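Q: Here's a structure for you.
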Amino acid sequence: MWHFVSPNIVFGEGALEALDELPRRGSTRHRALIVTDPTIVQLGLMDRVAAHLRKAGIDVHSFDEVEPEPSLDTVRRGAEVAQEVAPDWIVGLGGGSPMDAAKAVWVLYERPDLEPADINPFIDLGLRQKARLVTIPTTSGTGAEVTWGIVLTDAAEKRKMGLGNRENVADLAIVDPEMAAGMPPRLTANTGLDALTHAVEGYVCTWHTDLTDGLCLQAARDIFRYLPRAVEDGRDMEARTAMHHAATSAGLGFGNAMASLAHAMGHTLGASFHVPHGCAVGLCLPYTLEFAARETPERCAQLAQRLGLSSADGDPAARALADGIRRLMEEIDNPLSLAELGVERQRYEAELERLIDDAFSDTQVITAPRPPSYDHLRQLFLHIYSGDPVDF
């Protein structure tokens, strides 16, 4: 038995116009709270969204304090703003950080009795009594517009927390590639690698299904084809549209299957060394695939074959998948090791035990095709630092 959860999705150039007819609920005065970050405001993207909401007869308020890797304190402040504004729509606008923050703000607004850490899949949240959620991605990577997962950072403990509940999936996801057209090359590369990692891990993880397989496979194909073009020319709208579609498809795929070991390890690197999420998980991906290939190569090999990266079977094909990802990373000028990224070795080794502990307790370890031991994780972290292929 498995579940498949998805919001209503409006996709394509001009999709933002769907806000013009956003349904209004029972009260005579209608309010929306846009949860976003300062960069989105500076780029004028919040004003574009606000104009459409006002056209629908909705008063617009904003909380624009979301930082990269949003903290527990940030979403608590956002929930306080929501209590003051009393919106009937909450709009998550931006990359994964604002959209995840919007989900958490929404839950805490509806359930002020909860702490962020209480948001989990095993409780009844009883949402949609006060508001509904709209997600609008401005990057092509996280898939947060269509997933129910929420990743927040405990700044005090320097760790990321995987939270969420199927109830907190958005009601409406507006996926308009025009909103991503201004992404600079480095952000395009990082978010594209995030989407690729979602697609690959959603395909190879142990909770995959026939339905998620198709979404992940198509997303991976499009990313291999179009990510270099999107990095090279941000105004190549064919590439932008394909990447925006791939990110959402991968989000639906891994969001209903799970990610895997590259996410568990990437989460810890991001929290400890402030490596951008997409760069961190993408950096980990080839190594974790090589680790899986030693004992459970079947799914990796199948994906390599379907992507045209290998005609072999078993371990050689699985390693061809890892090598293909490395070639793509080189093409978009992404580092292939933490040493190349500039992480200082002494500091890294000082943090190593905590990195291993946090990765071992991350929820994404559960679906790894080859479950790691504590010592496996130690070796993987060391190989990811040095750039040496995994041979254990």
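Every number here is computed from the coordinates shown, using simple stated rules; none is lab data. Everything numeric here is computed off the predicted structure, so don't read it as measured data. Cβ placement follows ideal geometry from the backbone for every residue including glycine, while neighbour counts extend to all protein chains displayed.
Q: Can you tell me the relative contact order of the chain? Whole percent, Cα pairs under 8 Å, sequence separation 6 or more.
A: Worked out over the chain, it gives 14 percent.
Q: Using only Cα atoms, tell me the angle between helix 45-55 and the longest principal axis of the chain; keep it within 0 to 90° and round to the nearest 10.
A: Around 40 degrees separate the two axes.
Q: At a 10 Å Cβ-Cβ cut-off, how would you order 115, 145, 232, 178, fewest neighbours first?
A: Going from least to most buried by this count: 115, 232, 178, 145.
Q: Could you work out how far helix 345-360 tilts from the main Cα principal axis of the chain, as a 0 to 90 degree angle to the nearest 10?
A: That works out to roughly 70 degrees.
Q: Starting from the 7 Å offset along Cα-to-Cβ, what nm value, one decimal, do you get for the label separation of residue 331 and residue 209?
A: My value for the distance between the label points is 3.2 nm.
Q: With a 10 Å Cβ neighbour count serving as the proxy for reagent exposure, in which order, fewest first, do 5, 66 appear?
A: Lowest count first: 5, 66.
Q: Taking the chain as a Gaussian network, Cα atoms linked when under 10 Å apart, which of 250, 242, 230 shows the biggest mean-square fluctuation?
A: 242
Q: Starting with the fewest neighbours, write out 223, 366 ranked by other beta-carbon atoms found within 10 Å of each beta-carbon.
A: Listed from fewest to most nearby Cβ atoms, that is 366, 223.
Q: If you don't mind, another one. Output the 0 to 90 degree angle, nearest 10, between the alpha-carbon long axis of helix 210-232 and the longest principal axis computed from the alpha carbons of the chain.
A: Helix 210-232 sits at roughly 90 degrees to that axis.
Q: Which parts of segment 363-389 would a label at residue 115 reach, counting a residue when its backbone N lies under 20 Å from a point 7 Å out along Cα-to-Cβ?
A: Answer for this model: 363.
Q: So what is the 222 nm mean residue ellipticity for the chain from helices alone, if each DSSP H run of at least 4 adds -39500 (n - 2.57) and you divide by all residues, rounding to the nearest 500 deg cm²/dmol?
A: For the chain, the value works out to -16000 deg cm²/dmol.
Q: Label point 7 Å out from residue 51 along Cα-to-Cβ: which residues of segment 156-195 have amide N under 14 Å?
A: 179
Q: I'm spelling it out carefully: the read-out is Rg/Rh (Cα atoms, Kirkwood Rh), the candidates are [x] 1.07; [y] 0.96; [z] 1.13, and one was derived from this structure. Which label?
A: [y]
Q: Then there is this: For an R0 of 45 angstrom, estimate the FRET efficiency from the Cβ-Cβ distance between residue 129 and residue 233 and round to the nearest 0.05.
A: For residue 129 and residue 233, the calculated efficiency is 0.45.
Q: Take peptides 259-266, 200-207 and line them up by average Cβ neighbours within 10 Å, highest first, as a rough protection proxy.
A: Top of the packing list down: 259-266, 200-207.
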